[in-house]
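Report on the structure given below.
The values are calculated or read from the model by the stated rules, or taken from the named source; none is laboratory data. Quick caveat: nothing in here was measured; it's all calculated off a predicted structure. All Cβ positions, even for glycine, are placed from backbone atoms using ideal geometry, and neighbour counts span all protein chains on display. The area values use the complete protein model at the heavy-atom level, side chains included, leaving out ligands, DNA and RNA. Shrake-Rupley method; radii C 1.70, N 1.55, O 1.52, S 1.80 Å.
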Protein chains: 2
Amino acid sequence: MDPRVPGWSPSLACRLADAVRPILRGYYRQGLLIHGKSDQSPVTRADRECEAALRSILSREVPDHGIIGEEQGSEKSEADYVWIIDPLDGTRAFVSGKPQFGCLIALAHKGLPIVGVIDMPILEERWVGVLGVGTTLNGAPQRTRHAVELSEALMGCTSLEMFSEPDSKATFEKIRQQVRDCNFGGDCYNYGVLASGFLDIVVETSLKPWDYAALVPIILAAGGAITDWQGQPLSLESKGDVVASSDAALHRKVLPFLQ
Amino acid sequence: MDPRVPGWSPSLACRLADAVRPILRGYYRQGLLIHGKSDQSPVTRADRECEAALRSILSREVPDHGIIGEEQGSEKSEADYVWIIDPLDGTRAFVSGKPQFGCLIALAHKGLPIVGVIDMPILEERWVGVLGVGTTLNGAPQRTRHAVELSEALMGCTSLEMFSEPDSKATFEKIRQQVRDCNFGGDCYNYGVLASGFLDIVVETSLKPWDYAALVPIILAAGGAITDWQGQPLSLESKGDVVASSDAALHRKVLPFLQ
């Protein structure tokens with residue numbers, strides 16, 4: 001185990017995901033879910049209920065750790081250990097009654113994500129990545145696909161809409177022309193299936209730390225590569241351009257298209 | 001029951017889906033699945049194995065019915081009753097290890113789809129629509145959402161890529177600007193969740209009869225509307241432009257944008 005990873009931290013990350021799962025399952029497909037309409041919308045309520053549950057566990061068990069979350073902002077974000085949480089990634093799927101949404105939980109040490117969880121409450125799938133240890137899916141070790149040629153690679157991306165600047169869209173299209181195929185949708189799930197060897201590349205932009213922090217240990221510990229578009233490791237300070245590849249050799253072939 | 005619906009036909013449609021489910025489950029996430037690479041690719045094998053199983057049941061139980069399928073073409077397609085089958089809709093999801101793919105089975109009478117099944121082998125969800133009777137999800141009656149304003153509607157679409165002609169893309173963008181939100185991905189699943197009241201509009205183009213035939217009874221019998229972009233009922237002769245709405249009033253508001 002990497003000395004920066006507290007021994008009990010993967011288990012705490014899983015208990016956090018355990019707390020969120022029943023809350024999201026309870027709201028799923030229960031009547032009209034309109035996102036962002038008002039602070040009283042069921043999605044906002046689900047999101048806040050989850051985040052409150054997570055913060056309550058963290059403040060009780062690791063009161064000196066920091067927390068960064070989408071809904072309720074940052075606390076002690078200068079601490080050595082910071083939890084980065086997104087209880088509901090894939091809101092569009094959630095409101096449409098589709099199960100491809102997840103809960104993201106990460107622990108960072110001095111800005112570097114070292115433990116990550118992607119938990120899919122409806123699909124009952126949980127990826128756990130621990131830097132220097134490995135990545136599991138429901139407890140079974142996972143490895144990315146290796147030695148895939150760029151022209152044979154399968155790419156995933158949540159939506160073309162995230163490439164709202166003309167430059168970033170052109171960049172995306174350039175790389176899309178190099179790969180075998182690209183499928184859309186997926187949010188955090190794309191990174192889970194990449195860790196398990198079913199996708200080779202994910203290219204996205206405009207992500208926030210709570211969107212990508214959990215993905216970093218999951219991809220790295222499964223044998224993949226994940227950086228910003230300049231090839232720099234992702235930290236909590238990154239700009240939000242993310243590229244993940246199934247191995248370092250493929251990553252080196254992808255990066256030039258993104259620069 | 002509509003007199004055109006043979007009483008035993010919904011049950012036969014379900015038995016067909018029962019035959020496909022274990023085959024697709026057996027291939028799911030089993031090693032490298034590259035689509036279209038060669039006739040020997042696992043996806044092609046899975047597809048053919050499913051279609052052969054379906055054709056074998058149909059030729060034994062209803063030898064005078066016609067069959068239209070993607071892989072093995074048409075037989076007796078001039079018969080009064082014709083089965084339209086697509087064992088694997090959502091190939092991109094399937095090859096990427098994502099569970100949002102389904103098996104589509106329809107029975108048409110003189111060109112009009114009267115029974116439809118969307119079966120999701122991994123999600124273990126099955127929508128069955130019987131014209132004049134109703135739509136169920138795993139046996140529970142389903143209804144579309146009603147009286148949704150266009151500006152509040154949630155839209156789904158598998159991929160912007162299907163709008164390959166500039167005209168059709170512009171058409172899609174026009175309607176997208178009218179609705180509350182649009183999410184991508186989904187294939188046949190979008191129509192299932194629309195029948196269950198979680199999506200309001202699906203707009204697609206370039207579909208084949210095996211892509212849309214099963215959707216027609218499912219949407220109609222759940223209280224929704226589904227036509228081509230001109231507002232004409234979908235038949236096996238349709239051009240493949242499809243629009244589905246959660247009710248007739250919403251459909252009337254959507255159609256002018258498509259013409």
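From the set of residues in segment B:87-122 that are modelled with pLDDT of 95 or more and among the β-branched types (Val, Ile, Thr), which is most open to solvent (accessible area, probe 1.4 Å)?
Taking the candidates together, the pick is B:ILE122.
Tell me, which residue of segment B:130-146 that is out of contact with any Ser or Thr (no Cβ under 8 Å at 6 or more places or on another chain), in a strand (DSSP E or B) and open to solvent by 30 Å² or more (accessible area, probe 1.4 Å) is nearest to B:THR205 (Cα to Cα)?
B:THR136
Just give me the residues in segment A:180-197 being modelled with pLDDT of 95 or more and either out of contact with any strand residue (DSSP E or B) (no Cβ under 9 Å at 6 or more places or on another chain) or of a type in the set (A, V, I, L, M, F, W, C) (or both), in sequence order.
So the first thing to find is which residues in segment A:180-197 are modelled with pLDDT of 95 or more, and the list is A:188-197.
Of everything in segment A:180-197, those that are modelled with pLDDT of 95 or more and either out of contact with any strand residue (DSSP E or B) (no Cβ under 9 Å at 6 or more places or on another chain) or of a type in the set (A, V, I, L, M, F, W, C) (or both) turn out to be A:CYS188, A:VAL193, A:LEU194, A:ALA195, A:GLY197.
Of the residues B:LYS208, B:LYS174, B:LYS169, which single one is of a type in the set (Lys, Arg) and free of Cβ contacts under 8 Å to residues at least 12 places away in the same chain? Steps first, answer last, please.
Details: B:LYS208 fails: free of Cβ contacts under 8 Å to residues at least 12 places away in the same chain; B:LYS174 fails: free of Cβ contacts under 8 Å to residues at least 12 places away in the same chain.
Exactly one of B:LYS208, B:LYS174, B:LYS169 is of a type in the set (Lys, Arg) and free of Cβ contacts under 8 Å to residues at least 12 places away in the same chain, namely B:LYS169.
Can you tell me which residue within segment A:147-191, out of those that are within 11 Å of chain B (Cβ to nearest Cβ) and farther than 22 Å from B:CYS157 by Cβ, is least open to solvent (accessible area, probe 1.4 Å)?
For segment A:147-191, the residue satisfying everything is A:ALA153.
Looking at segment B:197-207, which of the residues that are in a loop (DSSP other than H, G, I, E, B) and buried (at least 21 other Cβ atoms within 10 Å of the Cβ) is nearest to the other protein chains (Cβ to nearest Cβ)? It would help to see each step written out before you state the result.
The initial filter retains those residues of segment B:197-207 that are in a loop (DSSP other than H, G, I, E, B), namely B:197-200, B:205-207.
Cutting the leftovers down to buried (at least 21 other Cβ atoms within 10 Å of the Cβ) gives us B:197-200, B:205.
Working: B:GLY197: 8, B:PHE198: 3, B:LEU199: 5, B:ASP200: 10, B:THR205: 16 Å.
Of everything passing the filter in segment B:197-207, B:PHE198 is nearest to the other protein chains (Cβ to nearest Cβ).
Evaluate segment A:228-239: report whether one residue or more is closer than 22 Å to A:LYS110 by Cα and open to solvent by less than 20 Å² (accessible area, probe 1.4 Å).
Let us first name the residues in segment A:228-239 that are closer than 22 Å to A:LYS110 by Cα, namely A:228-239.
Of the ones still in play, those that are also open to solvent by less than 20 Å² (accessible area, probe 1.4 Å) are A:229, A:234.
Within segment A:228-239, one or more residues are closer than 22 Å to A:LYS110 by Cα and open to solvent by less than 20 Å² (accessible area, probe 1.4 Å).
Scanning segment B:111-143 for residues that are β-branched (Val, Ile, Thr) and in contact with a strand residue (DSSP E or B) (Cβ under 8 Å, 6 or more places away or on another chain), which turns out farthest from the other protein chains (Cβ to nearest Cβ)? Show your work before the answer.
Here is the first cut: in segment B:111-143, the residues β-branched (Val, Ile, Thr) are B:114-115, B:117-118, B:122, B:128, B:130, B:133, B:135-136.
Filter once more, so that each one left must be in contact with a strand residue (DSSP E or B) (Cβ under 8 Å, 6 or more places away or on another chain): B:114-115, B:117-118, B:128, B:130, B:135-136.
Working: B:ILE114: 26, B:VAL115: 23, B:VAL117: 19, B:ILE118: 13, B:VAL128: 17, B:VAL130: 22, B:THR135: 14, B:THR136: 15 Å.
For segment B:111-143, the residue satisfying everything is B:ILE114.
Return the pair list, or none, for Cβ contacts closer than 7 Å from residues in segment B:21-46 that are at negative phi and at pLDDT 95 or above to residues that are of a type outside the set (A, V, I, L, M, F, W, C) and surrounded by 14 or more Cβ atoms within 10 Å (Cβ to Cβ), at least 6 apart or on different chains.
Every condition considered, the pairs that remain are B:ARG21/B:ASP119; B:ARG21/B:PRO121; B:ILE23/B:GLU49; B:LEU24/B:PRO121; B:ARG25/B:PRO121.
Tell me which residues, restricted to segment B:63-76, are touching a strand residue (DSSP E or B) at 6+ places or on another chain (Cβ under 7 Å) and at pLDDT 95 or above. Quick ask: steps written out before the conclusion?
The first filter runs over segment B:63-76 and keeps only residues touching a strand residue (DSSP E or B) at 6+ places or on another chain (Cβ under 7 Å), leaving B:65-70, B:74-76.
Scanning segment B:63-76 gives B:HIS65, B:GLY66, B:ILE67, B:ILE68.
Would you please name the residue that is nearest to B:LYS169 (Cα to Cα), looking only at residues in segment B:208-221 that are assigned to a loop (DSSP other than H, G, I, E, B) and open to solvent by less than 20 Å² (accessible area, probe 1.4 Å)? Before you say what the answer is, go through the steps one by one.
Taking segment B:208-221 and keeping what is assigned to a loop (DSSP other than H, G, I, E, B), we get B:208, B:213-214.
Subsequent filtering for residues that are open to solvent by less than 20 Å² (accessible area, probe 1.4 Å) retains B:213-214.
Values: B:ALA213: 23, B:ALA214: 25 Å.
Among them, the one singled out is B:ALA213.
Give me the residue from segment A:222-242 that is in contact with a Ser or Thr (Cβ under 6 Å, 6 or more places away or on another chain) and part of a loop (DSSP other than H, G, I, E, B) and, out of that set, nearest to A:VAL130 (Cα to Cα).
Per the criteria, the residue is A:ALA222.
If you take the residues of segment A:44-58 that are open to solvent by 70 Å² or more (accessible area, probe 1.4 Å) and of a type outside the set (Asp, Glu), which of them is farthest from the chain's Cα centre (by Cα)? Reasoning before the result, please.
Filtering segment A:44-58 down to residues open to solvent by 70 Å² or more (accessible area, probe 1.4 Å) leaves A:45, A:48-49.
Checking which are of a type outside the set (Asp, Glu) leaves us with A:45, A:48.
On the way: A:ARG45: 21, A:ARG48: 19 Å.
Looking at the filtered set, the residue picked out is A:ARG45.
What number goes with the only condition from (1) touching a helix residue (DSSP H, G or I) at 6+ places or on another chain (Cβ under 7 Å); (2) in contact (Cβ under 8 Å) with a residue 40 or more places away in the chain that A:SER96 does not pass?
Of everything listed in (1) touching a helix residue (DSSP H, G or I) at 6+ places or on another chain (Cβ under 7 Å); (2) in contact (Cβ under 8 Å) with a residue 40 or more places away in the chain, A:SER96 misses just condition (2).
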